[in-house]
Number of protein chains: 2
Amino acid sequence: MSKDSLVQIAINAREASNKLQYLTTEDRSFALNRIKAVLEDKKRDIFKANEQDKQNADKLVKAGTLSASLFKRLDLESGDKFATMLQGISDIDRLPDPIGQITYSSKLDEGLELYRVTCPVGVLLVIFEARPEVVVNITALALKSGNAAILKGGKESILTLTALYSAIQSALNDTVIPPNAIQLVETREEIDALLDLDKYIDLVIPRGSNSLVRYIQGRTRIPVLGHADGLCTVYVDKDSDLDKAIRVVVNYPAACNAAETLLIHRSILSSHLLPLVTALQNNNVLLHLDQESLSQLPPSYDTSRIQSCVPKDFDTEFLDLEMAVKVVSDVEEAIQHINSHGSKHTDAIVTENEQIAKRFMQGVDAAGVYWNASTRFADGFRYGFGAEVGVSTNKTHARGPVGLEGLLIYKYKLCGNGHVVSEFGEGKKKYLHEKISVFQDF
Amino acid sequence: MSKDSLVQIAINAREASNKLQYLTTEDRSFALNRIKAVLEDKKRDIFKANEQDKQNADKLVKAGTLSASLFKRLDLESGDKFATMLQGISDIDRLPDPIGQITYSSKLDEGLELYRVTCPVGVLLVIFEARPEVVVNITALALKSGNAAILKGGKESILTLTALYSAIQSALNDTVIPPNAIQLVETREEIDALLDLDKYIDLVIPRGSNSLVRYIQGRTRIPVLGHADGLCTVYVDKDSDLDKAIRVVVNYPAACNAAETLLIHRSILSSHLLPLVTALQNNNVLLHLDQESLSQLPPSYDTSRIQSCVPKDFDTEFLDLEMAVKVVSDVEEAIQHINSHGSKHTDAIVTENEQIAKRFMQGVDAAGVYWNASTRFADGFRYGFGAEVGVSTNKTHARGPVGLEGLLIYKYKLCGNGHVVSEFGEGKKKYLHEKISVFQDF
């Protein structure tokens, strides 16, 4: 697509965003329901496209250029995936309207009232990979929160994406929402050009690898809400309960919120290490042990799935059934290790000692700090948000699992009667800054 | 300063930030009071440094390379500037502790409680210009909110800044706060090197021109909280009250929250234009009128301070007593003009028509949308925040006047009893997502 066409896409999105400001809760709800209905109608076409995507991907898997796990994520037909996708639209529709919430108010003077009111961020650029149903999920989240969105999915699912997108466009044509509120682009090159358009695009949401997020952060003036993978850690403290430790540590470490580093207190090596290692081995986790923990294993122990760790293991997101293990001397060393090597996603401590748990939760700089609970709870649905944009590893705007709130900002509305600032000051009127009990409706 | 030394500054700030996480409200309050006391003690030294800065600046003013208004901002001795600076520390100290506030909570399961708790962003890099007292103001805001900060002020006030900084360092030495929590750098080149260090720095806050903010956004992966100048607009609607219009339009347009564009409805030109133009002329405002408004002035009107406008006038932040005037046909055209030309800072409508006011406030994409009130109310103190970092023109994280809240983010604390996600799901436990009435203290 030419540079001019991409600028036009961004302008179209901005113009759609301007129109979205005026929509009512009912307008947006109607659109979500319409999208759901049209997707249901077009299920056959969508499955046909998905079938074709899978056939193409299958060749790549056989040629060894596409992973089996990615192939699996492409699939929209198996199990209840399609139904779950549709249900997701209804779930988002049922959430309270996030727009127009008053989050601060102050009476500045007689007849001068200030309100801080939530509103959409504006135009989103969302980049995601593999799973085609994300286009529907993000469309529902964007429209519910009054945002326009430009979407880019993975190239392996392009036919499915196009079929889903075409259904969304057809549905929007039956509503007051301008169809340009949701637009699809197809290539990485198009993203690069869009990243220059900070005049029209307000927020970039890349969902993918750390390298993708860093690449985008380095390429644009637009704020980036990074959803990178997570390097999560569990620290098993000297005062930990062994059973809880095993439960929390063994957590299928292949998801982004799964722990990939195990820190264990030196003083409990003899009691806790072997049961933990054995539990992990029984779950097919390949282990990277540091020298000290390795030396604690009995000589007869089967080490076919155990390696001696190297420093980079503690900075690697294995994204597979792998875990690095390190012995630490206390909670301070654990905190320091996490703050140096973690990805500020989610980290857990297992301990019965409240003081140490508090210390850990205060000192660890991460979106989630957990005490005796699995890091895999880091998820918008599990947190009770009803829907999620992803898990943000940002330190500003929105952190951790991000629900609709992350797609909102606010504006200050001030309503006066010809008030000017020169009326206030020494020897003149004073600002009241009083609580407003009955909100005006504007 | 060498690149290595700058990396060390960033590492020092990160380490200080890690320690700041454990401080109590009292620790931080004690530090603010200590800083205030030492500044008071060292007033003589600080004034001596300021005297020298002013002598140096005076030469530049005489040589025509420094503006008189910038010279004025350098001055810390005149009037009650120094006392006001100290009072600002006490004002910030008196604000409620913003850290540790629970902003969301949910009982996920028996014994599994989730809390979203406010915490510091971490390490700030703040770039400001001219007024040296900002170093004290930002120090107080950063410490109150538990952040470490690296500060860079204007080079014209370097001696004053150094004297203020030395007092702050001396004060911090008497507290539990690591002196590296606040560090000063001196040159633009140092900033460039620091902008690469997203591993250690969490947020850049540039306070200055649009070009400074854009330069920084284009140079770094670190999130930027832009505090650019504002291009604010007042739209005088057909249903406006003339007296209110004059009050709101005439607002000393030399501050960043002053209006620099006047839009006026075509149907009230004959009644409103001349009084508005005359009021502005009486306040020494140089006007840039579009053809239509120009043609409405009586032939005998003194146009010595009136120019015919050119298109770029509507994209220019005059930062002086200047205003561009344009005739529009309705509120829609006014909204469109503002969304295309404004800087999303603050825009006002003057009208007695509630429907039109609502339309304007919904449609205009700006941090502040005002109805019958001067745009100059856009200010943290006037809003009742007690202190302000500046006025953000961002669309994410913090928008408009930013108080302590803009320096905070949150972490999710989850407290369980060995809970794992595989216990939940179809045929297993269900998430409760219940309200927590009695908060745990951790």
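Spin-label pair A:Y252-A:I102: with each label point 7 Å from Cα along the Cα-Cβ axis, the two points sit 4.6 nm from one another. Contact order, relative form, for chain A: 18 percent (alpha carbon pairs under 8 Å, 6 or more residues apart, mean separation divided by residue count). Heavy atoms of chains B and A lose about 7100 Å² of accessible surface on contact, summed over both sides with a 1.4 Å probe.
For chain B, the longest principal axis of the C-alpha atoms and the axis of helix B:81-94 are separated by about 50°. Counting Lys and Arg as +1 and Asp and Glu as -1 over every other residue whose Cβ lies under 12 Å from the Cβ of A:Y215, the net charge comes to +3.
Take every Cα pair under 8 Å whose residues are at least 6 apart in sequence, average their separation, divide by the length of region A:34-147, and the relative contact order is 25 percent. The mean number of partner chain beta-carbon atoms within 10 angstrom of a residue's beta-carbon across peptide B:368-381 is 6.
The mean number of partner chain beta-carbon atoms within 10 angstrom of a residue's beta-carbon across peptide A:202-215 is 1.
Shown are A:S374, A:S5, whose ranking by accessible area with a 1.4 Å probe and every protein chain present, most to least, is A:S5, A:S374.
For the protein assembly as shown, give the percent of accessible area contributed by carbon and sulfur heavy atoms, probe 1.4 Å, rounded to a whole number. Within the protein assembly as shown, the accessible surface is 50 percent carbon and sulfur.
Other residues within the sphere of radius under 11 Å centred on the Cβ of A:D365, judged by their own Cβ, net out at +3 (K and R +1, D and E -1).
Rolling a 1.4 Å probe over the protein heavy atoms gives chain B an accessible area of 39 Å² per residue.
Sorted shortest first, the distances from the B:K155 label point to those of the same residue in the other copies are 4.7 nm; each point sits 7 Å from Cα along Cα-to-Cβ. The dipole here belongs to the protein assembly as shown: it is taken about the Cα centre, uses +1 on the Cβ of Lys and Arg and -1 on the Cβ of Asp and Glu, and is about 260 debye. Net charge dipole, region B:102-151: roughly 160 debye, given to the nearest 20, about the Cα centre with Cβ charges of +1 for Lys and Arg and -1 for Asp and Glu.
For the peptides B:25-34, B:134-143, residues were scored by their other Cβ atoms within 10 Å and the scores averaged per peptide; the highest-first order is B:134-143, B:25-34. Each Lys or Arg adds one and each Asp or Glu takes one away; over the other residues whose Cβ falls under 11 Å from the Cβ of A:G154, this sums to +2.
For B:R305, the point set 7 Å out from Cα toward Cβ sits 8.3 nm from its twins in the other copies, listed from shortest up. Summarising the rotation from chain A to chain B, the nearest chain A beta-carbon to the axis and its distance in Å are given as A:H397, 2.
Taking each DSSP H run with n ≥ 4 as -39500 (n - 2.57) and averaging over every residue of chain A yields -11500 deg cm²/dmol at 222 nm.
Relative to one another, the C-alpha centroids of region B:134-154 and region B:296-347 are positioned 37 Å apart. In chain A, a dipole from Cβ-located charges (positive for Lys and Arg, negative for Asp and Glu) runs towards its positive end, and of A:L32, A:V350, A:P401 it is A:L32 whose Cα lies farthest in that direction. Expressed as a whole number of Å, what is the distance separating the alpha-carbon centroids of region A:40-56 and region B:177-243? So the separation of the two Cα centres works out to 48 Å.
Take each residue of peptide B:405-412, count the partner chain Cβ atoms within 10 Å of its Cβ, and average: the result is 5. Based on Cα contacts under 8 Å between residues 6+ apart, region A:232-382 shows a relative contact order of 34 percent. If you sort B:Y383, B:Y410 by accessible surface, 1.4 Å probe, largest first, the order is B:Y410, B:Y383. Basic side chains Lys and Arg get +1 at the Cβ, acidic Asp and Glu get -1 at the Cβ, and with that the dipole of region A:232-382 about its Cα centre reaches some 200 debye. Inter-copy label distances for B:L242: 9.1 nm (label point placed 7 Å from Cα along Cα→Cβ; shortest first).
Angle of helix B:331-341 to the longest C-alpha principal axis of chain B, folded into 0 to 90 degrees and rounded to 10: 60°.
The modelled label-to-label distance for the pair B:L60/B:K429, using points 7 Å beyond Cα in the direction of Cβ, is 6.4 nm.
What number do you get for chain B when its Cα radius of gyration is normalised by 2.2 N^0.38 Å, N = residues? Normalised Cα radius of gyration, chain B: 1.14. If R0 equals 22 Å, the separation of the Cβ atoms of B:K48 and B:E186 corresponds to a calculated FRET efficiency of about 0.70.
Ranked by the mean number of other Cβ atoms within 10 Å of their residues, highest first, the peptides A:76-85, A:428-437, A:413-422 fall in the order A:413-422, A:76-85, A:428-437. Rolling a 1.4 Å probe across all protein chains gives B:T220 an accessible area of roughly 10 Å².
Maximal additional length on extending the A:D330-A:N284 stretch stands at 13.7 nm, based on 0.36 nm per residue less the C-alpha distance.
The values are calculated or read from the model by the stated rules, or taken from the named source; none is laboratory data. Here the structure is a predicted model, which means the values were calculated and not measured. When we count neighbours, we look across all protein chains shown, and the Cβ atoms used for this are built from the backbone with ideal geometry, even at glycine. SASA here: full protein model, heavy atoms, side chains in, ligands and nucleic acids out. Shrake-Rupley method; radii C 1.70, N 1.55, O 1.52, S 1.80 Å.
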